[in-house]
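The values are calculated or read from the model by the stated rules, or taken from the named source; none is laboratory data. Since the model is a prediction, treat every value here as computed from it, not as a measurement. Virtual Cβ from ideal backbone geometry, glycine too; neighbours counted across all protein chains shown.
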Amino acid sequence: MTVEIVEPGLASNVQDQGRPGYYNVGIPPGGAADLNAAATANQLVGNTVDAAVIESPYMGPSLRFKTATVVAVTGGTVPVFLNKEPRPQWESFTVAVDDELTFGFLQDGARIYVAVAGGFDVPLVLGSRSTYATGGFGGFKGRMLQKGDILPLGDGEGTPGRKLPESLRPVYSRYVELRVVLGLYDYRLTEAGRTCLLESEWSMTPVADRMGFRYSGPPLEWIERVQPFGAGSDPSNIVDAGYPVGSIQVPGGVEPIILHRDAVSGGGYAMVGTVISADMNKVAQCSPGTRTKFISVTMAEALEARTADRLYRTDVTAAVTS
Amino acid sequence: MSEQNVQSPLPGVFYYRPAPDKPPFVEVGSVVTADQAVGLVEVMKQFAEVKAGFDGTITAILVEDNGIVGPGDTLMTIETGA
């Protein structure tokens, strides 16, 4: 019960729903950059949501199945082929021994998720099968997948023919609005700087991965001050502090970076705001050139959005498993 | 003779040259083989070579050096002898 990586694509790696609880010792939560797409892919093939899937940014891998099983592809919109015959996305289908799964060019979104019945049975590390490549552990040998890798599968017969209704599928756009809670250090920006952060249209740069997504746009203006002991000399520096996942830092006052699920846990850049947890999956599906606006929301609104995201998951579960 | 498109497999920044101080991979009129690199796409701090995909002659380069490209964008056209 294995799957062979015929071609890895670009930075394909194994992810599950992550390993929360170790950020205080510098180990990020990780998990699929788009947790919902990974969870749904699992539910389509009959897995629990937390089974391990393959995450492929921008470019699908080529996979050869060494066992008959059930597969589902979710996430970024991409033509899917089984032995060169088209297959649907957001719908589970059977594969036979030696079948080959390949992909065309990505059309929308950024990250493709491939779930297989039983999940990818890589070892649990700190309670998760997620790859943390920077730390060299988790996933398959602690690294991105390579040509010729043979991934073991867990037990599971699979459920072919499960389908996510169109109405519950995400719509990806080249223009996104990300809700942010301002702080903790937005007081370090001038009024003009804060306005600039929220009024500007930012463009996602190609410098974006599981650790962080960098954006280009106008420079932000900071309030001049005598830097406190322990802080760097640039106005965007602070005395080191913990970085929330989703926090936005602006090194040197230019090119904001949204920290994502493999982020470093702390450092000396002022965080001007934090993308709310409900919008982190949306960030994961952005590609270079995506026009982005930051929308300021309150903590109460952020929590409401999180509840709405959980209700969405309940709806997906009901629709897929009914 | 037929014209074929070289498409970008990835979104990112397209580079004509393997390094800033190196000559471009190809120019209009260059004769290339299918497995020859004709450019680089940078994304996620990684550089991926774009292969010609066809044996032939480069007839046009359709994107700018350092320009942002999307997956499936036509980067160049190649006239093949077949």
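Which residues, counting only those in the range A:122-141, are buried (at least 16 other Cβ atoms within 10 Å of the Cβ) and among the small types (G, A, S)?
Answer for the range A:122-141, where residues must be buried (at least 16 other Cβ atoms within 10 Å of the Cβ) and among the small types (G, A, S): A:S128, A:S130, A:A133, A:G138, A:G139.
Output the number of the condition that A:Y215 fails; it satisfies all remaining conditions of (1) hydroxyl-bearing (S, T, Y); (2) in a loop (DSSP other than H, G, I, E, B); (3) in contact (Cβ under 8 Å) with a residue 12 or more places away in the chain.
(2)
Filtering the range A:89-101 down to residues that are in contact (Cβ under 8 Å) with a residue 60 or more places away in the chain and under 25 Å from the mean Cα position of the chain (by Cα), which residue is nearest to the other protein chains (Cβ to nearest Cβ)? Outline the logic, then answer.
Initial filter on the range A:89-101 (in contact (Cβ under 8 Å) with a residue 60 or more places away in the chain): A:90-94, A:100.
Right, trim to under 25 Å from the mean Cα position of the chain (by Cα) and you get A:90-93.
Values: A:W90: 19, A:E91: 22, A:S92: 25, A:F93: 23 Å.
Within the range A:89-101, the match that is nearest to the other protein chains (Cβ to nearest Cβ) is A:W90.
Taking the range A:263-307, which residues are among the small types (G, A, S), at pLDDT 95 or above and either touching a strand residue (DSSP E or B) at 6+ places or on another chain (Cβ under 7 Å) or not in a helix (DSSP H, G or I) (or both)?
From the range A:263-307, those among the small types (G, A, S) are A:263, A:265-268, A:270, A:273, A:277-278, A:284, A:287, A:289, A:296, A:300, A:302, A:305; that's our starting set.
So of that shortlist, the ones also at pLDDT 95 or above come out as A:263, A:265-268, A:270, A:273, A:277-278, A:284, A:296, A:300, A:302, A:305.
Scanning the range A:263-307 gives A:A263, A:S265, A:G266, A:G267, A:G268, A:A270, A:G273, A:A284, A:S296, A:A302, A:A305.
Say whether the condition of being of a type in the set (A, V, I, L, M, F, W, C) and within 14 Å of another protein chain (Cβ to nearest Cβ) is met by at least one residue in the range A:303-322.
Just the residues of the range A:303-322 that are of a type in the set (A, V, I, L, M, F, W, C), to begin with: A:303, A:305, A:308, A:311, A:316, A:318-320.
Those still in the list that are within 14 Å of another protein chain (Cβ to nearest Cβ) too: none.
No, the range A:303-322 contains no residue that is of a type in the set (A, V, I, L, M, F, W, C) and within 14 Å of another protein chain (Cβ to nearest Cβ).
Take B:F47 and decide whether it is touching a residue at least 60 places away in the same chain (Cβ under 8 Å) and either farther than 27 Å from A:G60 by Cβ or assigned to a strand (DSSP E or B) (or both).
When the stated conditions are applied, B:F47 does not pass them.
Could you please give the count of residues in the range A:233-262 that are out of contact with any strand residue (DSSP E or B) (no Cβ under 7 Å at 6 or more places or on another chain) and surrounded by 22 or more Cβ atoms within 10 Å (Cβ to Cβ)?
Adding up the residues that qualify gives 1.
When the residues of the range A:1-33 are narrowed to those that are among the small types (G, A, S) and more than 16 Å from A:M211 (Cβ to Cβ), which ends up farthest from the other protein chains (Cβ to nearest Cβ)?
Selected residue: A:G21.
Can you tell me which residue among B:G12, B:G70 is touching a Pro at 6+ places or on another chain (Cβ under 6 Å) and either on the phi > 0 side of the Ramachandran plot or without any contact (Cβ under 8 Å) to a residue 40 or more places away in the chain (or both)?
Numbers: B:G70 fails: either on the phi > 0 side of the Ramachandran plot or without any contact (Cβ under 8 Å) to a residue 40 or more places away in the chain (or both).
Just one listed residue meets the conditions, B:G12.
All but one of (1) basic (K, R); (2) outside the structural domain of A:N13 (by TED's automatic domain parsing); (3) in a loop (DSSP other than H, G, I, E, B) hold for A:R179; which doesn't?
(3)
Please enumerate the residues belonging to the range A:53-80 that are more than 11 Å from chain B (Cβ to nearest Cβ) and aliphatic (A, V, I, L, M). Give the derivation first.
Restricting attention to the range A:53-80, the residues satisfying the condition of being more than 11 Å from chain B (Cβ to nearest Cβ) are A:53-56, A:61-75, A:80.
Within the range A:53-80, A:V53, A:I54, A:L63, A:A68, A:V70, A:V71, A:A72, A:V73, A:V80 qualify.
Matching residues to (1) out of contact with any Pro (no Cβ under 9 Å at 6 or more places or on another chain); (2) assigned to a strand (DSSP E or B):
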| site | (1), (2) |
| --- | --- |
| A:A192 | yes, no |
| A:P206 | no, yes |
| A:P219 | yes, no |
| A:A241 | yes, yes |
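Can you say whether A:V78 is crowded, with 18+ Cβ neighbours inside 10 Å and farther than 24 Å from B:L10 by Cβ, as far as the supplied structure shows? Spell out the reasoning first.
Numbers: crowded, with 18+ Cβ neighbours inside 10 Å: yes; farther than 24 Å from B:L10 by Cβ: no.
No.
Out of the residues in the range B:1-44 meeting the condition of being among the β-branched types (V, I, T) and within 10 Å of the chain's Cα centre (by Cα), tell me which one is farthest from the other protein chains (Cβ to nearest Cβ).
We begin by selecting, within the range B:1-44, every residue among the β-branched types (V, I, T); these are B:6, B:13, B:26, B:28, B:31-33, B:38, B:41, B:43.
From what is left, the residues that are within 10 Å of the chain's Cα centre (by Cα) are B:6, B:26, B:38, B:41.
On the way: B:V6: 13, B:V26: 21, B:V38: 17, B:V41: 8 Å.
Residue satisfying both the conditions and the ranking: B:V26.
So which residues in the range B:45-82 are within 14 Å of chain A (Cβ to nearest Cβ), of a type in the set (D, E, K, R) and farther than 19 Å from B:A19 by Cβ, if there are any at all?
B:D73
Taking only the range A:226-247 into account, find how many residues are under 18 Å from A:G21 (Cα atoms) and of a type in the set (D, E).
Of the residues in the range A:226-247, 0 are under 18 Å from A:G21 (Cα atoms) and of a type in the set (D, E).
Tell me the residue from A:A110, A:A117, A:A133 that is touching a residue at least 24 places away in the same chain (Cβ under 8 Å), in contact with a helix residue (DSSP H, G or I) (Cβ under 8 Å, 6 or more places away or on another chain) and within 14 Å of chain B (Cβ to nearest Cβ), please.
Values: A:A117 fails: within 14 Å of chain B (Cβ to nearest Cβ); A:A133 fails: in contact with a helix residue (DSSP H, G or I) (Cβ under 8 Å, 6 or more places away or on another chain).
Sole residue among the options that is touching a residue at least 24 places away in the same chain (Cβ under 8 Å), in contact with a helix residue (DSSP H, G or I) (Cβ under 8 Å, 6 or more places away or on another chain) and within 14 Å of chain B (Cβ to nearest Cβ): A:A110.
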